[in-house]
Structures are given as structure tokens and as C-alpha cells.
Amino acid sequence: MPPEPKTCRSCGRRIEWRKKWERDWEQVQYCSTACRRRGVAEVDVRLEAVLLERISRGRTAADPADVALAVADGDAAAAGKLAEPARRAARRLVARGEAEIVQRGKVVDPSMVKGAFEVRRRR
Ligand SMILES: [Zn+2]
């Protein structure tokens, strides 16, 4: 039986066990070469912090696009580039048990979610 799946440290998606990792599964931290290169940069940590702060106030849900805009200091072009990093930040928070991702009020799988979503504090 394959071991339990892990979560990618960069994108927060589930890493399914593969045969090629048989010997070093314990060391696997990233789902892909791109994620290993990307890692978690300073801006990613800021995105997480802003996201967490927003969902910590009451019962509000946060839109990752708004978080990207805040971290980009209102610069729309820069925020566009942070849109995907903001979604990755949301998934990392889910992996740590600090948040959940919702679409139309329903909690969805962070590895499978497509399209716009909101992030809220884990309930
Ligand atoms: Zn990844």
C-alpha cells in the first residue's frame, strides 16, 4: 500500500506518492521541479500573513485577489502577478489547518479547486 499523501510546501497541493519516490519519499517536500525552485519566498509569507489577518477578523471570508492587491500596494499589474501566489498561500494555510477554501459557501478540496474561491478561518 502506498504511504499517506503529503502536501507540497510551495503550492499546498496534495503530493500523491509515485513509484519513482519509493526510496526517498521521506525527503519529498515539493510536488514538482517548479515548486522546488519557487519554494516559499518573502512575498509568499506576506501573502499568508495578510490572508490570515483578514480571516481572523470575525467571520469574514477573504478573496485571494484582494489580498494580492493589498500586498501589491494597490498596483493592479503587480496584483495580477500575485494572484496565483495568493492562491498558493491560501492552500498552504489549509494544509496547516488554519483556513478552509470555500466556493458558494461550501468547503472545497484545495488541491482540486478551480476558478474563484474565498478563504475563511477553519470552522
Ligand atoms: Zn507544488
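Bear in mind these aren't lab numbers, they're just calculated from the coordinates by the rules spelled out. None of the values given here were measured: they were computed from a predicted structure. Quick reminder, even Gly has a Cβ in these numbers, built from the backbone with ideal geometry, and neighbours come from all protein chains shown.
Before moving on, here are some points about what is shown:
- Taking 102, 107 and counting other C-beta atoms within 10 Å, the order from fewest to most: 107, 102
- For the range 62-123 and the range 1-29, distance of Cα centres in Å: 23 Å
- Seen from a random direction on average, the alpha-carbon convex hull of the range 9-74 projects onto 5.9 square nanometres.
- Backbone geometry of the range 65-82 corresponds, through the Karplus equation with coefficients 6.51, -1.76 and 1.60 at θ = phi - 60°, to 3J(HN,Hα) couplings of 5, 5, 5, 4, 5, 5, 5, 8, 6, x, 7, 4, 5, 5, 5, x, 6, 8 Hz, x marking Gly and Pro.
- Rounded to the nearest 500, the 222 nm mean residue ellipticity of the chain from helices alone is -12500 deg cm²/dmol, with -39,500 (n - 2.57) taken per DSSP H run of at least 4 residues.
- Residue order, fewest to most beta carbons within 10 Å, for 75, 63: 75, 63
- Model label zone, residue 83; criterion: amide N under 13 Å from point 7 Å along Cα-to-beta-carbon; scope the range 97-123: 115-117
- The phi torsions of the range 97-114, fed into the Karplus equation with coefficients 6.51, -1.76 and 1.60 and a -60° offset, translate into couplings of x, 9, 8, 9, 9, 10, 10, 6, x, 10, 5, 10, 6, x, 7, 10, 4, 10 Hz, rounded to whole numbers, with Gly and Pro shown as x.
- Building the convex hull from the alpha-carbon atoms of the chain and averaging its projection over directions returns 8.4 nm².
- Sorted fewest first by neighbouring Cβ atoms within 10 angstrom, 47, 93 come out as 93, 47.
- The phi-based Karplus calculation (6.51 cos²θ - 1.76 cosθ + 1.60; θ = phi - 60°) puts the 3J(HN,Hα) values of the range 13-30 at 8, 5, 9, 7, 4, 10, 3, 5, 9, 3, 7, 10, 3, 4, 8, 5, 10, 10 Hz, whole numbers, x for Gly and Pro.
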